[in-house]
Amino acid sequence: MVSSDSETFPLQFKLLVAGGFGVGKTTLVGAVSEIEPLTTEETITTASIGTDSLDGIEGKETTTVAMDFGRITFTEQNMVLYLFGTPGQNRFWFMWDELSRGALGAVVLADTRRLQDCFAAIEFFELRGINFVVAVNAFDGAHRYDDAALRAALDLKPHVPLARCDARDGRSVKRVLITLIEHIVSNFASRAAQPAANPTQHGATHAL
């Protein structure tokens, strides 16, 4: 029996939302999730003084200590995205390897006031071969730089997409996620199109 489109099991993607401390990861997940997002936010206390830098985000009162989780369904595309927000503080980096298991891609959220805070996330995904896009979060009052300046400052490779978003706006976040999915699909298609090495030829050459 051939299943109708409505009965087809949806494509499922596990995606990470990463970036520096206070860059807007929890806000992004909450803005787009169709379910009540799971958050692990705790109040920032004096115990974090000297450990977590609040430069540029002095008004921040809470922080993620484990992860955020949300889900969004694209019905027309028969696709479900599971979003996992990573903690931003260096002392919680041991969790990133676990959270990244099975992830097909990531959004690296950036704040132009503290671009250096997303360098580590970019390096993390590059080293593990995980597809990612960089999304610049439009904080109120933050300086706006053109794409060329941002790509140079972040040392982004030409194939890595650079997007802009407002993490508070679900439609804006959706556009970033669509950009990421298109990037993932394009990379998979490119790899599939590459001719496989002929083991017979390789063996014959090696024997010579």
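Quick rundown of the values:
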read-out	value
Karplus-derived 3J(HN,Hα), 6.51/-1.76/1.60, for each residue of the range 141-148, Hz, glycine and proline x	x, 6, 5, 9, 10, 6, 4, 4
Cleavage-rule hits, trypsin sites (Lys or Arg not before Pro), the range 70-150, DSSP coil, Cβ neighbours within 10 Å at most 10	ARG101, ARG144
Packing-based exposure ordering (other Cβ within 10 Å, fewest first) of MET95, MET67	MET95, MET67
Residues with amide H under 5 Å from that of ARG164, placed H, sequence gap 5 or more	VAL136
Label-point separation in nm, ASP146 to ALA192, each point 7 Å along Cα→Cβ	3.8
Sequence ranges 168-175, 28-35, 152-159, ranked by mean other-Cβ count within 10 angstrom, highest first	28-35, 168-175, 152-159
Computed E for LYS157/PHE9 - FRET, C-beta separation, R0 25 angstrom, nearest 0.05	0.15
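All of the numbers you see were taken from the coordinates with simple rules; none came from a lab. No experiment lies behind these values; they were computed from the predicted model shown. Here Cβ is always computed from backbone atoms with ideal geometry, including for glycine, and neighbour counts include all displayed protein chains.
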